[in-house]
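Data block below; observations after.
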């Protein structure tokens with residue numbers, strides 16, 4: 001069994017206020033619990049991790065020192081901004097392992113994530129933390145044994161900096177993420193009338209993009225729950241958002257359906273998206289026709305799912 005809980009579902013920047021109370025205004029943070037083997041995993045340290053920390057202090061700390069693992073999809077600020085407010089790392093006895101990719105070879109993960117904890121930005125320096133923190137850089141790897149029967153597969157997804165999708169498997173249950181990402185596309189000129197058009201390059205670009213999209217679809221295959229980037233509608237995406245590293249909702253649904261995903265959580269909501277708009281979009285994208293085997297929903301803060 002994997003217990004999944006959403007603590008932050010927004011993209012780009014926190015957007016608290018009366019118009020975002022239902023779905024939540026915190027940026028990305030997802031909690032996984034494996035109660036049968038007493039393991040705890042957090043995916044992304046957006047602003048939602050602060051509320052998760054408070055919950056852990058009230059419910060986990062009384063049982064003994066906190067031990068957790070944080071997997072970062074990537075290191076853009078909306079996915080790491082809550083890290084300095086993760087209170088357990090200030091408490092002696094806490095052990096935290098932080099995993100994630102980095103884009104630049106000369107910067108370790110510790111420098112990227114911990115760099116925001118300098119006196120010019122934050123009143124507490126990394127060296128003053130009482131908990132034990134270990135940093136582990138991740139790359140694309142189809143077979144990582146996390147112990148206790150938990151397996152992890154990672155894959156490169158399409159974003160302006162290096163980002164990873166995660167696929168956790170435990171006793172037959174499969175949980176998968178793919179955000180921040182957008183469909184791979186042909187980067188070469190495809191218009192034969194363009195002076196810079198090269199037929200071979202155009203063909204190879206199209207083939208490469210198709211292969212990468214198929215590989216990502218295979219990565220999702222059969223997942224019990226897929227959390228997928230869905231920041232834009234297709235109309236919004238095609239009106240100036242191409243190349244921003246986020247997916248159209250329609251593309252996320254079509255890809256998940258082809259992959260045989262059982263539940264699809266549409267995630268990383270645009271900060272301008274109100275509760276009323278998400279409710280209306282639920283009617284458009286999630287109602288189904290009664291015959292669709294895949295459940296589709298817009299992720300909501302506080303939502304819990306058992307796999």
Please work out if residue 181 is part of a loop (DSSP other than H, G, I, E, B), modelled with pLDDT of 75 or more and either in contact with a strand residue (DSSP E or B) (Cβ under 6 Å, 6 or more places away or on another chain) or buried (at least 17 other Cβ atoms within 10 Å of the Cβ) (or both).
yes
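Residues in the stretch 12-24: is at least one touching a strand residue (DSSP E or B) at 6+ places or on another chain (Cβ under 6 Å) and surrounded by 16 or more Cβ atoms within 10 Å (Cβ to Cβ)? Steps first, please.
Keep residues of the stretch 12-24 that are touching a strand residue (DSSP E or B) at 6+ places or on another chain (Cβ under 6 Å), which gives 14.
Adding the requirement that they be surrounded by 16 or more Cβ atoms within 10 Å (Cβ to Cβ) leaves 14.
Yes, the stretch 12-24 has at least one match.
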Taking the residues in the stretch 287-302 that are surrounded by fewer than 17 Cβ atoms within 10 Å (Cβ to Cβ) and touching a strand residue (DSSP E or B) at 6+ places or on another chain (Cβ under 8 Å) as candidates, determine which candidate is nearest to residue 20 (Cα to Cα).
300
Does the stretch 134-152 hold any residues that are surrounded by fewer than 16 Cβ atoms within 10 Å (Cβ to Cβ) and in contact (Cβ under 8 Å) with a residue 40 or more places away in the chain, and which are they?
148, 149
Selection within the stretch 115-133 - in contact (Cβ under 8 Å) with a residue 24 or more places away in the chain and under 23 Å from the mean Cα position of the chain (by Cα)
116, 117, 133
Quick check: anything in the stretch 7-22 modelled with pLDDT of 95 or more, assigned to a strand (DSSP E or B) and within 19 Å of residue 113 (Cα to Cα)?
yes
Being under 20 Å from the mean Cα position of the chain (by Cα) and either in a loop (DSSP other than H, G, I, E, B) or closer than 17 Å to residue 82 by Cα (or both) is the filter here, so list the residues in the stretch 137-154 that pass it.
138, 139, 140, 146
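Filter the stretch 156-177 for residues that are free of Cβ contacts under 8 Å to residues at least 40 places away in the same chain and touching a strand residue (DSSP E or B) at 6+ places or on another chain (Cβ under 9 Å) and give the result. Spell out how you get there, then give the answer.
Taking the stretch 156-177 as the starting set, the residues that turn out to be free of Cβ contacts under 8 Å to residues at least 40 places away in the same chain are 156, 169, 172.
Once the filter is applied, which keeps residues that are free of Cβ contacts under 8 Å to residues at least 40 places away in the same chain and touching a strand residue (DSSP E or B) at 6+ places or on another chain (Cβ under 9 Å), the stretch 156-177 yields 156, 169.
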Identify the single condition in (1) crowded, with 18+ Cβ neighbours inside 10 Å; (2) closer than 19 Å to residue 163 by Cα; (3) free of Cβ contacts under 8 Å to residues at least 40 places away in the same chain that residue 56 does not satisfy, given that it satisfies every other one.
(2)
Identify all residues within the stretch 248-269 that are closer than 26 Å to residue 20 by Cα and in contact with a strand residue (DSSP E or B) (Cβ under 7 Å, 6 or more places away or on another chain); write none if there are none.
248, 249, 252, 253, 263, 264, 265, 266, 267, 268, 269
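Filtering the stretch 221-255 down to residues that are in contact with a helix residue (DSSP H, G or I) (Cβ under 6 Å, 6 or more places away or on another chain) and outside any loop (DSSP other than H, G, I, E, B), which residue is surrounded by the fewest Cβ atoms within 10 Å (Cβ to Cβ)? Steps first, please.
Restricting attention to the stretch 221-255, the residues satisfying the condition of being in contact with a helix residue (DSSP H, G or I) (Cβ under 6 Å, 6 or more places away or on another chain) are 226, 228, 230, 232-234, 248-250, 255.
When the remaining residues are screened for being outside any loop (DSSP other than H, G, I, E, B), the result is 226, 228, 232, 234, 248-250, 255.
Numbers: 226: 28, 228: 26, 232: 25, 234: 13, 248: 22, 249: 23, 250: 15, 255: 21.
The selected residue is 234.
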Please enumerate the residues belonging to the stretch 216-232 that are touching a residue at least 40 places away in the same chain (Cβ under 8 Å) and closer than 15 Å to residue 268 by Cβ.
226, 227, 228, 229, 230, 231
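If you scan the stretch 258-305, which residues turn out to be assigned to a strand (DSSP E or B) and farther than 22 Å from residue 26 by Cα? Steps first, please.
Going through the stretch 258-305, the residues assigned to a strand (DSSP E or B) turn out to be 263-267, 269, 295-298, 304-305.
The answer is 263, 295.
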Just give me the residues in the stretch 238-247 being over 16 Å from residue 215 (Cβ atoms), touching a strand residue (DSSP E or B) at 6+ places or on another chain (Cβ under 7 Å) and touching a residue at least 24 places away in the same chain (Cβ under 8 Å), in sequence order.
246
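The values are calculated or read from the model by the stated rules, or taken from the named source; none is laboratory data. Everything quoted here is computed from the prediction, not taken from an experiment. Please note: Cβ atoms are built from the backbone with ideal geometry, for glycine as well, and neighbour counts cover all protein chains shown.
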